[in-house]
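The values are calculated or read from the model by the stated rules, or taken from the named source; none is laboratory data. Predicted model only: the values in this text are computed from it and were never measured. Don't worry about glycine lacking a Cβ; one is built from the backbone with ideal geometry, like all the others, and counts go over all protein chains shown.
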């Protein structure tokens, strides 16, 4: 065992055994501790755990270890309720209480706005002069909600087990090794029986399953979606070929066992790639979309379309954003990154005019269909395909100026051109719904500089994805004077 010299000549050894106490936990589930001042990351730990760890990787400023022994467990530590939690890469926090998970997520969002955004932050219920109010995190443990079985969408890689039988599950962490397991505690409970029906039919009908090692076989993935407001289920099979063997028999097996299935789609992906979905999708049974209802609005959802995976919490997320906007009924609302219109259309009855902008043409077509199927007037609920800069120019030519802009950007956040376009359109309020606290803080900082002229009024973390390392943030920025204690 060779000595590893690190900063400050602190001696640590690879495969050495050390005792320490976990001080913090990151969103990817790694506990943070120190050994003689040297930072170590240890998965599956909780704040307050006293552990004995084995050092498995050492770098100049930090290293990684694994638990050898939990000497004294933290009060927040719980027994994982999933048999494959340690192998599967889906969840980060099944070993701690949900209350502790919410605390960690609240802290992560606050830290991002303090350290990356440079904002002074005051917690809800406190009063600090010049500080921005951060409201308490909105978790999935109130109003009858639960952090279990919330996902309305699942993508299962298909493979074979050691006995050669078809299996489905999820990828192990940082690998493409399938961990078999249909009964996932965060997926909708109706999915597991469908998975079992499919794998049984694959074996019975002798349909070859795709192998990533040999690039042979046909069926690659099973993609399930459920409309939680309608009960409808869509099955999407990903295949290397449109000529799926025993196609009719497979459809019959699924629909006979599960009458809730209203759509079976076949997506063709012949490429040697890690990308799940191919470019072509055909309908094998029923209709080519799934319908769901959210906040009283009906949505038609194609297999490729983005739609929030936690519909019940999405209703609360969107309502929070609308409350931040404080609509009076006479506003023109611009929904940037609108997708199929899920945010804008659920806000439509609260405003006078809605404009949705998205760069993906198929999403805009779906948004227009959703306007029509809800009977909304097209002249007041309008969607067009453009980027934010183009949208700003077009609206200026038409003499339109949005009163409120809602932005729901991707994880990378907003390009500078998008933030400049918001400045050029000059709405009174901007509501940001972000899936990445770091980019939300960065973009808020830019919008609050002298050039852009906004003020950060308040923000709130929302746990859309319990037991995972993801957290949403809703942010209110304003050009006007708003009393953040009353708004």
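In the range 317-339, of all residues being surrounded by fewer than 19 Cβ atoms within 10 Å (Cβ to Cβ) and touching a helix residue (DSSP H, G or I) at 6+ places or on another chain (Cβ under 7 Å), the one that is nearest to residue 137 (Cα to Cα) corresponds to 327. Would you check if residue 342 is farther than 18 Å from residue 432 by Cα and buried (at least 17 other Cβ atoms within 10 Å of the Cβ)? It is false that residue 342 is farther than 18 Å from residue 432 by Cα and buried (at least 17 other Cβ atoms within 10 Å of the Cβ).
Picking from residues in the range 332-354 that are assigned to a helix (DSSP H, G or I) and without any contact (Cβ under 8 Å) to a residue 60 or more places away in the chain, the one that is nearest to the chain's Cα centre (by Cα) is 342. Within the range 212-261, being without any contact (Cβ under 8 Å) to a residue 24 or more places away in the chain and in a loop (DSSP other than H, G, I, E, B) holds for 213, 214, 217, 243, 259.
Among the residues of the range 288-310, those identified as outside any loop (DSSP other than H, G, I, E, B) and touching a strand residue (DSSP E or B) at 6+ places or on another chain (Cβ under 8 Å) are 290, 291, 292, 293, 298, 299, 300, 301. Within the range 204-217, the residues that satisfy the criterion of being within 12 Å of residue 158 (Cα to Cα), surrounded by fewer than 19 Cβ atoms within 10 Å (Cβ to Cβ) and modelled with pLDDT of 90 or more are 208, 211, 217. Mind listing just one residue for me: the one in the range 420-432 that is buried (at least 22 other Cβ atoms within 10 Å of the Cβ) and at pLDDT 95 or above and, of those, farthest from the chain's Cα centre (by Cα)? If we take residues in the range 420-432 being buried (at least 22 other Cβ atoms within 10 Å of the Cβ) and at pLDDT 95 or above, then 427 is farthest from the chain's Cα centre (by Cα). With respect to being assigned by TED's automatic domain parsing to the domain that holds residue 205, outside any helix (DSSP H, G or I) and touching a residue at least 12 places away in the same chain (Cβ under 8 Å), residue 164 falls outside the description. Note on the range 182-198: among residues that are in a helix (DSSP H, G or I) and touching a residue at least 40 places away in the same chain (Cβ under 8 Å), the one that is surrounded by the most Cβ atoms within 10 Å (Cβ to Cβ) is 198. Would you say residue 357 is under 22 Å from the mean Cα position of the chain (by Cα), buried (at least 19 other Cβ atoms within 10 Å of the Cβ), under 27 Å from residue 455 (Cα atoms) and in the same structural domain as residue 302 (by TED's automatic domain parsing)? When the stated conditions are applied, residue 357 passes them.
Residues checked against (1) over 30 Å from residue 471 (Cα atoms); (2) modelled with pLDDT under 95:
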| position | (1), (2) |
| --- | --- |
| 378 | yes, yes |
| 389 | no, yes |
| 393 | yes, yes |
| 398 | yes, yes |
| 401 | yes, yes |
| 406 | no, no |
| 410 | no, yes |
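Filtering the range 66-91 to residues that are touching a strand residue (DSSP E or B) at 6+ places or on another chain (Cβ under 9 Å) and either modelled with pLDDT of 95 or more or assigned by TED's automatic domain parsing to the domain that holds residue 28 (or both) leaves 66, 67, 68, 69, 70, 71, 72, 73, 74, 76, 77, 78.
Taken over the range 54-90, the criterion of being in a strand (DSSP E or B) and more than 29 Å from residue 184 (Cα to Cα) is satisfied by 54, 55, 56, 57, 58, 62, 63, 71, 72.
Considering every residue within the range 115-126, establish whether at least one is assigned to a helix (DSSP H, G or I) and either more than 23 Å from the chain's Cα centre (by Cα) or not assigned by TED's automatic domain parsing to the domain that holds residue 455 (or both). Yes - at least one qualifying residue is present in the range 115-126. Number of residues in the range 166-193 that are in contact with a helix residue (DSSP H, G or I) (Cβ under 7 Å, 6 or more places away or on another chain) and either within 25 Å of residue 247 (Cα to Cα) or modelled with pLDDT of 95 or more (or both) equals 4. Residues in the range 122-137 that are surrounded by fewer than 21 Cβ atoms within 10 Å (Cβ to Cβ) and modelled with pLDDT of 95 or more: 135, 136. No other residue among 386, 314 is surrounded by fewer than 20 Cβ atoms within 10 Å (Cβ to Cβ) and closer than 29 Å to residue 459 by Cα apart from 386.
Okay, residues lined up against (1) over 30 Å from residue 79 (Cα atoms); (2) in contact (Cβ under 8 Å) with a residue 24 or more places away in the chain; (3) touching a strand residue (DSSP E or B) at 6+ places or on another chain (Cβ under 6 Å); (4) outside any loop (DSSP other than H, G, I, E, B):
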{"position": "383", "(1), (2), (3), (4)": "yes, yes, yes, yes"}
{"position": "413", "(1), (2), (3), (4)": "yes, yes, no, no"}
{"position": "417", "(1), (2), (3), (4)": "yes, yes, no, yes"}
{"position": "424", "(1), (2), (3), (4)": "yes, yes, no, yes"}
{"position": "431", "(1), (2), (3), (4)": "yes, yes, yes, yes"}
{"position": "439", "(1), (2), (3), (4)": "yes, yes, no, yes"}
{"position": "461", "(1), (2), (3), (4)": "no, yes, yes, yes"}
{"position": "475", "(1), (2), (3), (4)": "yes, yes, yes, yes"}
